[in-house]
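Reading through the structure tokens given below for one structure.
The values are calculated or read from the model by the stated rules, or taken from the named source; none is laboratory data. In this text, all values refer to a predicted model and were calculated from it rather than measured experimentally. Heads up, the Cβs are rebuilt from the backbone with ideal geometry, glycines too, and the neighbour counts pull from every protein chain shown.
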Amino acid sequence: MGCDCGPTGKKTVVSSEMANQEGLAWSPAGDEVWFTGNKKWEADALYAISLSGQERLVIRTTNRLMLHDISRDGRVLLTSFNSWSNIVSQPPGETKEHDLSWLDQGAVSDLSPDGKTILIDYWGEGAGTNGATYLRRTNGSPAVKLGDGVSPKLSPDGKWALAVRFTPPQLVLLPTGAGETRVLERGPIEQYAWGAIWVPDGKRVAFLGREPGHDWRCYIQSVDGGDPRPITAEGTREGLLISPDGRSLIAPDAQGQLSLYPVEGEAPQPILHLESADTIIGSSGDGRSLYVANLNEMPIRVYRFDPSNGNKERLKEIMPADPAGIFGYHYVFLTPDGKGYAYSVSRMFTDLYVVEGLK
């Protein structure tokens, strides 16, 4: 955080580095700047900092806080956020959903083909700068922490969870049973995006990364060693899935056009007939169809989509029993046969307070 102080308008950095900063106001005396923020995935708290850079904690609660304003008499206008995520699963052959929520900010990140195992991506308080990966069975047994890393994906044999770490930038293989964590060679990659996936042969992984002086693009890499190899043009910034036949990666180009990029380097083929709100959430076991949904709406309507002709058939509609406080982007995973699923939704409730006596 910087301050343009004095008649010269000189910018001075006065706060320490924060993971998030939101809300800003001068103290009544004008000798401090108050703000809300967090360090290393803690809950947002209220801080004060002098113009010389002396920082202090004003108040912390169990909920997130956001500062709106400070009156001349010192009263503080604050919002308290109570947010959490729910994880729900319905394995194939069952007719009832199971609540598999874990901690406060965990989201489902992958579902095994048999619907019996999920991976949980946890980024709440205490997770650290690299987040944490948990494994949980859909029978409701307790979750098991596999290690640090976000957006984990199960290997085809179920023995490893592929996860991303940001400090330092790494792709890691976390064993789901006995074994030690493996770090993949980084090569020229200086930064990874959220999310990496397995190629169906279980011998390679694909990810979004960036080299110095280059834009984001997709890479493929062997888990047995060797540097990653780019397979898309620069400008691919989000989204990465595997095609129904396992031979191509699905990713958007710089203009947002989804295409199939063969892993052996052939020319990409655009995927047509999708609507702008459609997100591809998986592929069918028959190798011919994709599963798509609008993940910004509720209920979540899941469709079976045939990329060869554009036919789209509604498969299921997912709606939590309690819709209160649901907001934002949702995550949905289906088993290849489309009969089992797991999803997570985020909820938030807020209260507005006028607080007196803070110093």
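Here are some notes:
- Residues in the stretch 214-245 that are out of contact with any Lys or Arg (no Cβ under 9 Å at 6 or more places or on another chain), exposed (fewer than 15 other Cβ atoms within 10 Å of the Cβ) and closer than 22 Å to Val332 by Cα: Glu238 only.
- Qualifying residue in the stretch 342-359 (condition: out of contact with any strand residue (DSSP E or B) (no Cβ under 7 Å at 6 or more places or on another chain), surrounded by 12 or more Cβ atoms within 10 Å (Cβ to Cβ), basic (Lys, Arg) and assigned to a loop (DSSP other than H, G, I, E, B)): no
- Inside the stretch 67-113, residues that are surrounded by 16 or more Cβ atoms within 10 Å (Cβ to Cβ), more than 24 Å from Ala161 (Cβ to Cβ) and β-branched (Val, Ile, Thr) make up a count of 3.
- All conditions but one from (1) in contact (Cβ under 8 Å) with a residue 24 or more places away in the chain; (2) assigned to a loop (DSSP other than H, G, I, E, B) apply to Asp121; the one that does not is (2).
- One residue alone among Glu211, Glu185 is in contact with a strand residue (DSSP E or B) (Cβ under 8 Å, 6 or more places away or on another chain), of a type in the set (D, E, K, R), surrounded by 13 or more Cβ atoms within 10 Å (Cβ to Cβ) and farther than 28 Å from Gly285 by Cβ, and that residue is Glu185.
- Lone qualifier among Ala293, Ala321 - being on the phi < 0 side of the Ramachandran plot and more than 22 Å from the chain's Cα centre (by Cα): Ala321
- Any hit, the stretch 84-96, residues being over 21 Å from Pro320 (Cα atoms), at pLDDT 95 or above, part of a strand (DSSP E or B) and not aliphatic (A, V, I, L, M): no
- Restricting attention to the stretch 289-341, the residues that are assigned to a loop (DSSP other than H, G, I, E, B), touching a Pro at 6+ places or on another chain (Cβ under 7 Å) and not β-branched (Val, Ile, Thr) add up to 7.
- Boolean, Ala233 is in a loop (DSSP other than H, G, I, E, B) and out of contact with any Pro (no Cβ under 6 Å at 6 or more places or on another chain): yes
- A count restricted to the stretch 341-359 and to residues that are more than 28 Å from the chain's Cα centre (by Cα) and small (Gly, Ala, Ser) stands at 1.
- Any chance Leu24 is among the hydrophobic types (A, V, I, L, M, F, W, C) and modelled with pLDDT of 95 or more: no
- Being surrounded by 14 or more Cβ atoms within 10 Å (Cβ to Cβ), over 22 Å from Lys116 (Cβ atoms), within 23 Å of the chain's Cα centre (by Cα) and without any contact (Cβ under 8 Å) to a residue 40 or more places away in the chain is a property that holds for Ser259.
- Annotation note: Cβ proximity below 9 Å between a residue of the stretch 143-157 that is farther than 21 Å from Asp114 by Cβ and a residue that is of a type in the set (Phe, Trp, Tyr) and in a strand (DSSP E or B) (sequence gap 6+ or interchain) occurs for Lys145/Tyr122; Lys145/Tyr134; Val150/Tyr122; Val150/Phe166; Val150/Trp194; Ser151/Trp194.
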